[in-house]
Amino acid sequence: MSFIHPTSDVANCQIGEGTRVWQFVVILEGASIGSDCNICAQTLIEANVVIGNNVTVKSGVQLWDGSRIESDVFIGPNVTFTNDPYPRSKAYPDQFSGITVKRGASIGANATILPGICIGEQAMVGAGAVVTKDVPPRALVIGNPARIIRYIEE
């Protein structure tokens, strides 16, 4: 059984067994969230978002249309995802450029991920990094713009 805090606004969407949705979370109709996830307070998940199993989304994160989060991912507090490479008020692209976070990756607090980026399996993004290009599997990236400082051993 999943848990949804009474202050959350959760539309008709798929939420897996054992997932916990905390205070003031908004999940739009059509989103898909796997089992045993932890969606922390003040998070927004748009309709065209897919989240795997065992994912932690800390407070203050917004997951915009087109994002795909695979299983066993950690998303730190206030990570900023984007999905429009050329945002303008009242001007929308034909299709949003979602972000893909592969299995087992971790993203540190306050990192910013630009549209269309893929974070590879088991990769780590350091706190505050600005990710402007794809991150290879098992890479550890830090800085602005994010750069690889080493690879993580198995």
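The values are calculated or read from the model by the stated rules, or taken from the named source; none is laboratory data. A quick note: this is a predicted structure, and the numbers were derived from the prediction, not measured. Don't worry about glycine lacking a Cβ; one is built from the backbone with ideal geometry, like all the others, and counts go over all protein chains shown.
Table for the structure above
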quantity	calculated
Scope the stretch 111-121; condition under 16 Å from Arg147 (Cα atoms) and not aliphatic (A, V, I, L, M); matching residues	Thr112, Cys118, Gly120
Selected residue (criterion: nearest to the chain's Cα centre (by Cα)) from residues of the stretch 70-100 that are over 24 Å from Gln42 (Cβ atoms) and touching a residue at least 12 places away in the same chain (Cβ under 8 Å)	Ser97
Exclusive hit being modelled with pLDDT of 95 or more, out of contact with any Cys (no Cβ under 9 Å at 6 or more places or on another chain) and of a type in the set (Ser, Thr, Tyr), set Ser32, Ser8	Ser8
Filtered residue count, the stretch 35-45, keeping only those that are part of a loop (DSSP other than H, G, I, E, B) and either hydroxyl-bearing (Ser, Thr, Tyr) or surrounded by fewer than 21 Cβ atoms within 10 Å (Cβ to Cβ) (or both)	6
Pairs where the first residue, in the stretch 16-28, is without any contact (Cβ under 8 Å) to a residue 40 or more places away in the chain and the second is assigned to a loop (DSSP other than H, G, I, E, B) and among the β-branched types (Val, Ile, Thr), C-beta under 6 Å, 6+ apart	Gln23/Thr7; Phe24/Thr7; Val25/Thr43
